[in-house]
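Beneath this line is the structure, given in structure tokens, with notes to follow.
The values are calculated or read from the model by the stated rules, or taken from the named source; none is laboratory data. Note that this is a predicted model, so its numbers are computed, not measured. All Cβ positions, glycine included, derive from the backbone under ideal geometry; neighbour counts span all protein chains shown. The accessibility values were calculated without ligands, DNA or RNA, using every heavy atom of the protein model including side chains. Shrake-Rupley method; radii C 1.70, N 1.55, O 1.52, S 1.80 Å.
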Amino acid sequence: ILKDGFPAFGGFSGSLSILEIPPLDLKQVEIIKGPAATLFGGDAIAGVVNFVTKDPEDKPVTTLILNQTSALGTDISVFNSRKFIRFGYTLLASANYQKAYDVDDDDFTELPETKAVGFTPKLLFYIDKKTTLTVGNSTSYQNRNGGDTFVIKGQSDNFHQYFVRNRSFRNISTFNLNREFADGGRLFAKQSLAFFNRELTTPTYIFKGRQFNSFTDISYARAIGKHAIVVGGSAVYDQFREENASPRNETRAAFGAFVQDTVDVTNKLSLEAGFRLDATKDYGTFALPI
């Protein structure tokens, strides 16, 4: 799962529900079926889903959503954007509250008590007519409490004791440079820094873990006749740390180079071939044909 081409939801932070992504700033959802490992790495061996956010328009745009569900959930989201001559911005803010909901009256929640907030600004700098620098940041916090409804209400006793408390914090900073050349070629340079922290608590177990991820990708694309050629390289650093007496820590680093050629044989038939070479910190070097 990508957002604006950035793999911000991998590894430990991959337990993201699609329902947690507010739709107000979404422009489109791109789905690549089948192998896409050449451009996106080994995690994309079965395909890619890319959430593309809106860019600002010349006229200011403001959208507000207020939602109240019959399951006692409340959602508030606001989106604002505007484009100036050399500068543009988009801003998304959201707040969600779900009251603990026990639909079948068995004293256990089908929907946990949830409090969540999110704030996502994006700045676009139009350096010239063919160069755009995009800087974005996304911060979200969520607190979920499920289990026995008596415990959630603060009325626990010897019989009512079970609960699950899940707290998470996510922050993703992105930088994207897009440069178009006179010959039709395009240069893309991307950098993201992502931090994710989660704490899971039950009556008998406590889990605390945090993940840091750095993603760098530089590529050049150009159409030559019937060929669309993409060449580039990437670097990924992923670090997980657990706060435990016997921590299950892990650090991964990978450096890759790739080339892909798509040929339009006819108006309805195209052939695609690519090759990627990844060098990893602990597992050696791998070749990933398309």
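What does the accessible area per residue of region 1-145 come to in Å², with a 1.4 Å probe and no ligands, DNA or RNA counted? Provide the component values of the computation, followed by the final result.
Details: 8260 Å² over 145 residues.
For region 1-145, the per-residue accessible area is 57 Å².
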Taking all protein chains in place and a 1.4 Å probe, what share, in percent, of the accessible surface of the chain do carbon and sulfur account for?
59 percent
Given charges at Cβ of Lys, Arg, Asp, Glu: region 1-143 dipole, positive-most of Val103, Val52, Ala116
Val52
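Considering only DSSP states other than H, G, I, E and B, which chymotrypsin sites (Phe, Trp or Tyr not before Pro) in region 219-290 qualify as loop sites with at most 10 other Cβ atoms within 10 Å?
Working: sites: Tyr220, Tyr237, Phe240, Phe255, Phe258, Phe275, Tyr283, Phe286; in loops: Tyr283.
Passing sites in region 219-290 are Tyr283.
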Checking the a/c ratio against 1.5 first, then a/b against b/c, what shape does the Cα gyration tensor give for region 144-262?
prolate
What GluC sites (Glu not before Pro) does region 19-110 have in DSSP loop regions with at most 15 other beta carbons within 10 Å?
Glu57, Glu110
Only sites in a loop by DSSP and with at most 14 other Cβ atoms within 10 Å count here; which trypsin sites (Lys or Arg not before Pro) in region 230-273 make the cut?
Arg248, Lys268
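Fully extended, how many nm does the chain gain between Phe175 and Asn249 (0.36 nm per residue separation, minus their Cα-Cα distance)?
23.8 nm
With runs of 4+ DSSP H residues as the only contributors, calculate the mean residue ellipticity of the chain at 222 nm using -39,500 (n - 2.57) per run, divided by the residue total and rounded to the nearest 500. Don't jump to the answer; show the numbers that get you there.
Numbers: 2 runs with 8 residues, N = 290.
Rounded to the nearest 500, the figure is -500 deg cm²/dmol.
Past 19 Å, Cα to Cα: identify those pairs from Lys33/Lys190; Lys99/Lys208; Lys59/Lys130; Lys33/Lys281; Lys54/Lys83; Lys3/Lys122, in the order given. The partial results should precede the final answer.
Values: Lys33/Lys190 23 Å; Lys99/Lys208 25 Å; Lys59/Lys130 21 Å; Lys33/Lys281 29 Å; Lys54/Lys83 12 Å; Lys3/Lys122 13 Å.
Violating the 19 Å Cα-Cα cut-off are Lys33/Lys190; Lys99/Lys208; Lys59/Lys130; Lys33/Lys281.
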Here region 87-92 yields Karplus 3J(HN,Hα) values (6.51, -1.76, 1.60; θ = phi - 60°; whole Hz; Gly and Pro given as x) of 8, x, 8, 10, 9, 10
Once the whole set of protein chains is in place, how much accessible area is left on Arg82, using a 1.4 Å probe, in Å² to the nearest 10?
90 Å²
Just read off the accessible area of Arg222 with the full protein assembly in place, 1.4 Å probe, to the nearest 10 Å².
90 Å²
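Please compute the net charge surrounding Asp107, taking Lys and Arg as +1 and Asp and Glu as -1 over other residues with Cβ under 11 Å from its Cβ.
On the way: positive: Lys153; negative: Asp102, Asp104, Asp105, Asp106, Asp148.
For residues surrounding Asp107, the net value is -4.
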Would you work out which of Val265, Leu92, Tyr283 lies farthest towards the positive end of the dipole of the chain, given +1 charges on the beta-carbon of Lys and Arg and -1 on that of Asp and Glu, about the Cα centre?
Val265
